[in-house]
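The values are calculated or read from the model by the stated rules, or taken from the named source; none is laboratory data. These numbers were taken from a predicted model, which means no experiment stands behind them. Here the Cβ positions follow ideal geometry from the backbone for every residue, glycine too, while neighbour counts run over all protein chains shown.
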Amino acid sequence: MGLAPVLEHHRLTKVVTRRGDLRVPFPPHFAERLTGRRVERLFRRAKYLLAELDGGETWVVHLGMSGRMSVYAEGREQKLGQYVYELAPPGAGLGTHDHVVIETDAPARIVFTDHRRFGLMTIVETAALDRHPLFARLGIEPLSKAFDAAYLDGVLAGKRTPIKSALLDQRVVAGLGNIYVCEALFRAHISPKRSAATVPGKRAAALIPAIKTVLAEAIKAGGSSLRDYAQADGALGEFQHRFSVYDRVGKPCPTPGCKGKIRRIVQAGRSTFYCSSCQR
């Protein structure tokens, strides 16, 4: 995680909000409550970034659809761990969509940019985190040991929604995104239109390793850089170069021996890419 070297075990020396809200308003005295706090631990839950602070509170961040956290070294190029951060060019100021600026004693500057303002930042009491409305109904983490075929059999039993929609339901499994569900279903040779209730059994047993493998490969590749996405240090992800089906409509299916082509349909307002020949 590109943020870890400049946040974890570091103190937030200055926090500035440049507007009063993102998707929802910032909590009262948000900047003041963060300033001076030390980040004890940085971790993830579903699509939320969580920074556990000294004093028993946790800073919660959601990037929304297009938000990003960019990291710049304080006044000079600086290498921290495996990441190299640079300050913006001399004279470059903050843009209209740069909504939150955090200085740390790394030293570093973190800028949260969100053109659509679908992101979210709040502060939650750490002991009550699991009971907070943002997290209380979240499902299991897909890379956890508990996410196995038996679990999937149980949560999908009786579900009449398409398996693609079921996997995007954060109450079923937390943190799976549209791209990775498309790719995992392709690897497991499961049609995204198939009823979720028909997946338990052999199909679920094939789907679990497909999901875990796709996520592991995506993390190693730094994610998928589509449109304006970049990692915290400015580097672009590379997993988009490994897509089998996503955004490849009309191209030949990469499955050996398959003569089908990649199709696109819309499910629950989201684009779904798949091969109708080898995904059943």
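Summary of values
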quantity: Test: residue 185 is touching a residue at least 12 places away in the same chain (Cβ under 8 Å), touching a Pro at 6+ places or on another chain (Cβ under 8 Å), farther than 21 Å from residue 258 by Cβ and not small (Gly, Ala, Ser); calculated: no
quantity: Only listed residue being among the aliphatic types (A, V, I, L, M), crowded, with 19+ Cβ neighbours inside 10 Å and at pLDDT 90 or above, chosen from 34, 129, 134, 143; calculated: 34
quantity: Any hit, the range 189-198, residues being of a type in the set (S, T, N, Q) and in contact (Cβ under 8 Å) with a residue 40 or more places away in the chain; calculated: yes
quantity: Candidate set: the range 44-72, residues that are among the small types (Gly, Ala, Ser), touching a strand residue (DSSP E or B) at 6+ places or on another chain (Cβ under 8 Å) and not in a strand (DSSP E or B); chosen: the one surrounded by the most Cβ atoms within 10 Å (Cβ to Cβ); calculated: 67
quantity: Top-ranked residue of the range 161-203 - restricted to ones that are charged (D, E, K, R) and in a helix (DSSP H, G or I), ranked as surrounded by the most Cβ atoms within 10 Å (Cβ to Cβ); calculated: 183
quantity: Tally of residues being modelled with pLDDT of 90 or more and farther than 15 Å from residue 30 by Cα across the range 81-118; calculated: 13
quantity: Residue ID - modelled with the highest pLDDT, chosen from residues in the range 206-248 that are of a type outside the set (Gly, Ala, Ser) and on the phi > 0 side of the Ramachandran plot; calculated: 247
quantity: Scope the range 111-129; condition outside any strand (DSSP E or B) and either outside the structural domain of residue 45 (by TED's automatic domain parsing) or not acidic (Asp, Glu) (or both); matching residues; calculated: 115, 116, 117, 118, 119, 126, 127, 128, 129
quantity: Any hit, the range 6-22, residues being at pLDDT 95 or above, buried (at least 17 other Cβ atoms within 10 Å of the Cβ), part of a strand (DSSP E or B) and acidic (Asp, Glu); calculated: no
